[in-house]
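Values quoted throughout were computed directly from the atomic coordinates according to the rules given, and no laboratory measurement underlies them. Owing to the predicted nature of the structure, the values given are computational and were not obtained by experimental measurement. Cβ placement follows ideal geometry from the backbone for every residue including glycine, while neighbour counts extend to all protein chains displayed.
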Amino acid sequence: MSIEVNRLCKKYGEQWAVNDVSFNIPTGQVVGFLGPNGAGKSTTMKMLTCFITPTSGTAKVSGLTVGEDDMAIRRQIGYLPEHNPLYYDMYVKEYLGFVANLCGITKNVPKRVAEMIGRTGLEREQAKKIGTLSKGYKQRVGMAQALMNDPKVLILDEPTSGLDPNQITEIRNLIRSIGEERTVLLSTHIMQEVEAMCSRVIIINQGTLVADDNISTLQQQNTSDRAFVVQFKSPVKASELKAIKGIKTVSVIKDNRFRVSAKADVNLQEALFGFAVKTNNIILEQKEEEQSLENVFRTLTN
Ligand code: ADP
């Protein structure tokens with residue numbers, strides 16, 4: 001296991017920021033870490049990266065224990081904090097050389113720095129002062145910093161926050177390629193990002209774990225209603241569909257095309273076919289709507 005979290009707790013004063021959270025992440029997974037603001041994501045990430053100590057419970061990274069093997073964990077881990085701290089007066093290349101020294105790299109530092117610059121697409125910016133870079137490029141410098149020690153585990157706290165759509169795509173592609181070889185735990189508020197990059201999601205709310213599963217399972221489990229988009233060949237009134245037994249809502253999309261919902265245990269497909277046969281109509285299209293991850297998130301954290 002790359003990350004093992006067992007009954008982890010962190011208390012600030014009277015408040016439990018993280019309360020009895022457990023999960024395991026095997027090597028080579030990209031996992032989305034979700035939760036509303038204040039849920040305890042950053043606190044969990046700070047414990048995993050040995051920045052703060054747990055109040056109780058244990059956290060292990062590559063088999064090493066937080067609070068006991070902190071220096072060894074730091075050598076194995078790459079961390080991009082939410083507010084990516086950088087030295088704005090340093091030049092990109094100079095800063096990354098400094099990071100290499102901090103990581104204890106003594107041989108071939110320029111080669112390693114050049115590798116990281118290439119990996120994160122910073123070639124054209126390497127001679128610039130960090131303070132003059134756009135937010136997207138500053139984020140790439142943060143990624144280069146996090147990757148410098150060739151970490152087995154990467155912890156990324158909102159890596160795409162504040163970036164424009166092009167920068168988001170580039171950082172996502174970078175994370176996806178990194179995730180092919182190592183374990184990535186990333187927090188984000190962007191659900192499409194999770195769907196695009198992660199095989200699994202862990203959701204916490206008010207310090208407590210509320211879900212840990214792959215995306216499709218979560219979408220199937222957390223739905224009490226099913227919805228279909230259906231199109232008929234001949235005219236149909238919404239009121240006629242509404243009268244079908246078991247149907248809860250009907251909305252018109254456009255001529256003869258409707259969105260129809262029913263409780264998950266109603267066989268909506270059969271009901272719609274039955275209606276078409278009975279009224280001598282033909283169904284041109286019928287497809288089930290997928291429960292969005294956004295809805296799942298709202299259901300679990302509201
Ligand atoms: P998230 O990253 O999910 O937005 P955080 O882990 O930052 O959530 O915060 C969880 C809770 O812990 C919040 O209520 C926050 O105010 C509180 N908290 C975080 N850091 C501290 C701190 N250093 N001192 C006191 N409370 C804190």
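Calculated on the alpha-carbon coordinates, the convex hull of segment 135-182 measures out at 60 cubic angstrom per residue. The residues packed around residue 19, meaning those with a beta-carbon under 14 Å from its beta-carbon, carry a net charge of +2 if Lys and Arg are +1 and Asp and Glu are -1. Stretched out straight at 0.36 nm per residue, the stretch from residue 248 to residue 220 would grow longer than its current Cα-Cα span by 8.2 nm. Max-minus-min Cα coordinates of segment 21-69 on each principal axis give 31, 27, 16 Å, with the largest extent listed first. Mean residue ellipticity, 222 nm, helices only, the chain: the sum of -39500 (n - 2.57) across DSSP H runs of n ≥ 4, divided by residue count and rounded to 500, is -10000 deg cm²/dmol. Rg ratio for the chain: its Cα radius of gyration over 2.2 N^0.38 Å, N being its residue count, equals 1.27. Report the calculated FRET efficiency for residue 278 and residue 255 (r = Cβ-Cβ distance, R0 = 25 Å), to the nearest 0.05. The formula returns an efficiency of 0.75 here. In order along segment 56-62, the phi-based Karplus estimate (6.51 cos²θ - 1.76 cosθ + 1.60, θ = phi - 60°) of 3J(HN,Hα) comes to 7, x, 10, 9, 10, 10, 6 Hz; Gly and Pro are listed as x. Each of 227, 206, 273 was scored by the projection of its Cα onto the charge dipole of the chain, and the greatest displacement toward the positive side belongs to 273; charges sit on the C-beta of Lys, Arg, Asp and Glu. Could you work out which residue, out of 51, 98, 275, moves most in a Gaussian network model of the chain, that is, has the largest mean-square fluctuation with Cα springs under 10 Å? Fluctuation is largest for 275. Fewest neighbouring Cβ atoms within 10 Å first, the residues 263, 254, 10 line up as 254, 263, 10. Compared with the direct C-alpha span, the chain from residue 210 to residue 22 gains 66.6 nm at full extension, assuming 0.36 nm per residue.
Once the gyration tensor of the Cα atoms in segment 221-291 is diagonalised, the equivalent ellipsoid follows with semi-axes of 19, 12, 11 Å, ordered largest first. Which pairs break 24 Å Cα to Cα here: 233/263; 111/138; 41/263; 60/93; 41/93? Distance filter (> 24 Å) returns 233/263; 41/263; 60/93; 41/93.
In order along segment 36-52, phi translates into HN-Hα couplings of x, 4, x, 6, x, 5, 4, 4, 4, 5, 5, 5, 4, 9, 6, 7, 9 Hz, rounded to whole numbers, per the Karplus curve 6.51 cos²θ - 1.76 cosθ + 1.60 with θ = phi - 60° and x for Gly and Pro. Amide hydrogen proximity for residue 289: with H placed 1.01 Å from N in the peptide plane, the residues at 5 or more positions away or on another chain lying under 5 Å are 227, 228, 229. For segment 1-120, the Kirkwood estimate of hydrodynamic radius, built from reciprocal distances between every pair of different alpha carbons, is 16.2 Å.
Note on segment 145-274: Cα Rg divided by 2.2 N^0.38 Å, N the number of residues, gives 1.52.
In order along segment 285-302, the phi-based Karplus estimate (6.51 cos²θ - 1.76 cosθ + 1.60, θ = phi - 60°) of 3J(HN,Hα) comes to 8, 8, 9, 7, 7, 7, 5, 6, 5, 4, 5, 4, 4, 5, 4, 7, 10, 8 Hz; Gly and Pro are listed as x. Placing a label point 7 Å from the Cα of residue 285 along the Cα-to-Cβ line, the residues of segment 254-279 whose backbone N sits under 15 Å from it are 254-260.
Using the Cβ-Cβ distance between residue 265 and residue 195 with R0 = 25 Å, the FRET efficiency computed as 1/(1 + (r/R0)^6) comes to roughly 0.40. In terms of other Cβ atoms within 10 Å, 12, 137 run from fewest to most in the order 12, 137. In the elastic network of the chain, a GNM with C-alpha springs shorter than 10 Å, the most mobile of 291, 29, 15 is 15. For the chain, a Gaussian network of Cα nodes joined below 10 Å ranks 18, 250, 99 by mean-square fluctuation, and the top entry is 250.
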